[in-house]
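The values are calculated or read from the model by the stated rules, or taken from the named source; none is laboratory data. All of these numbers come straight from a predicted model, not from anything done at the bench. Heads up, the Cβs are rebuilt from the backbone with ideal geometry, glycines too, and the neighbour counts pull from every protein chain shown. Each accessible area value is taken on the protein alone, full model and side chains, heavy atoms only, with ligands, DNA and RNA left out. Shrake-Rupley method; radii C 1.70, N 1.55, O 1.52, S 1.80 Å.
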Amino acid sequence: ARRPAANAIIRPDFKFEDMGIGGLDDEFSTIFRRAFLSRIMPPGIVEQMGLPHVKGLLLFGPPGTGKTLIARQIGKMLNAREPKIINGPEILNKFVGQSEENVRKMFADAEKEYKEKGEESELHIIIFDELDAVCKQRGSSSGGTGVGDSVVNQLLTKLDGVEQLNNILLIGMTNRKDMIDEALLRPGRLEVHVEISLPDEHGRQQILKIHTNKLRVNGRLAGDVNIGELAAKTKNFSGAEIIGLVKAAASYAFGRNTKMGGMAVVPDNIQDMQVEHADFLRALDDVKPAFGVSEEALV
Ligand code: ATP
């Protein structure tokens, strides 16, 4: 079903638990309230209040913590189009003018639809991953080609546009908020800033449950697997690293059930193969968190 940008509704079948997001309840509520709630108000209310919709959001925090996941799931919840995902380094192009052209293209579909349908246009969510790649740190001499500057300027032009494009929400993502050009972060631009941090123990427990669920429902997760203990032992793991842990544990289960030699020979009992708690414990030796560890060491 089509969802007009300024008059979206929440899908009736929406359930937060189905979104596959572990932890992040507060972050999700903040993002929803600040960036999306005005869009599901009855028509005219937002106009009566004289406040334009938020058109830019910045999600920042360590890699693999669910920034893209949250953005996509909110889009689904509103039945918006599949977000367009673009990536800072990919936008940069050595040919003069090409980078600005790449940014222009990002907005082209939404602009075209807004011209045709105005407020009846669908909501277009544009995810700009690794936004820091196009920003130069203040006072730094790196990135001397100036290509990044022209990309930032083009983004500002689009966000400030002569016409209000009510059907666009730009979601910038970065691991380095300090690198983002301040001009981009001002009101009317990427004005809502939400930090997505590494999950706490409760969050990790939920993420572990989500990413072992398929094993569980298919009878491939052994009864001795203690999710609580694994959550306690995965301090500083991001969601992405927890997926890495589950994969590594599964590989130990495959290994236990496979004899190698020329070609892998699969023994008869493969039908009963399950990932056991010991597989997870072994996997903990292989998968280590990339972030948060050094701060930890200082404590
Ligand atoms: P990056 O900064 O590297 O772009 P990101 O924060 O956007 O990372 P995602 O791409 O959303 O991270 O997540 C990476 C993977 O980890 C996805 O498969 C996602 O499902 C999983 N994941 C991360 N965080 C969570 C979470 N809180 N709950 C469930 N899954 C998660």
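Here each label is just a point 7 Å from Cα along the line to Cβ, and for residue 258 and residue 95 those points are 4.4 nm apart. Based on protein heavy atoms only, the chain ends up with 52 Å² per residue of surface accessible to a 1.4 Å probe.
In the chain, taking the dipole from charged Cβ atoms about the Cα centre, the farthest positive-side position among 180, 125, 243 is held by 125. Candidates 210, 198, 170 compared by Cα position along the dipole of the range 144-225: farthest toward the positive end lies 210, with charges placed on Cβ.
For residue 156, the solvent-accessible surface computed with a 1.4 Å probe is close to 20 Å², ligands and nucleic acids excluded. In order along the range 187-194, phi translates into HN-Hα couplings of x, x, 10, 7, 8, 9, 10, 10 Hz, rounded to whole numbers, per the Karplus curve 6.51 cos²θ - 1.76 cosθ + 1.60 with θ = phi - 60° and x for Gly and Pro. For the chain, with equal point scatterers placed on the C-alpha atoms only and solvent neglected, what are the log10 I(q)/I(0) values from the Debye formula at q = 0.07, 0.16 1/Å, to two decimals? Computed log10 I(q)/I(0) values: -0.35, -1.22. Helix 98-117 and the longest principal axis of the Cα set of the chain meet at an angle near 70°. Between the Cα long axis of helix 201-217 and the first principal axis of the chain there is an angle of about 70°, rounded to the nearest 10. Relative contact order, whole percent, for the range 18-168 stands at 25, derived from Cα pairs under 8 Å and 6 or more residues apart. Between 63, 83, 289, the GNM of the chain built on Cα springs shorter than 10 angstrom shows 289 fluctuating the most. When you restrict to C-alpha pairs under 8 Å that are six or more residues apart and normalise by the size of the range 193-244, the relative contact order lands at 57 percent. When a 1.4 Å probe is rolled over the protein heavy atoms, the share of accessible surface on the range 25-85 that falls to carbon and sulfur comes to 59 percent. Under a Gaussian network description of the chain, with springs only between Cα atoms under 10 Å, the residue in 151, 192, 46 that fluctuates furthest is 46.
Using Cα atoms only, what is the angle between the long axis of helix 67-77 and the major principal axis of the chain, expressed in degrees (0 to 90) to the nearest 10? Tilt of helix 67-77: around 70 degrees.
Summary value for the chain: 23 percent relative contact order, contacts being C-alpha pairs under 8 angstrom separated by 6+ residues.
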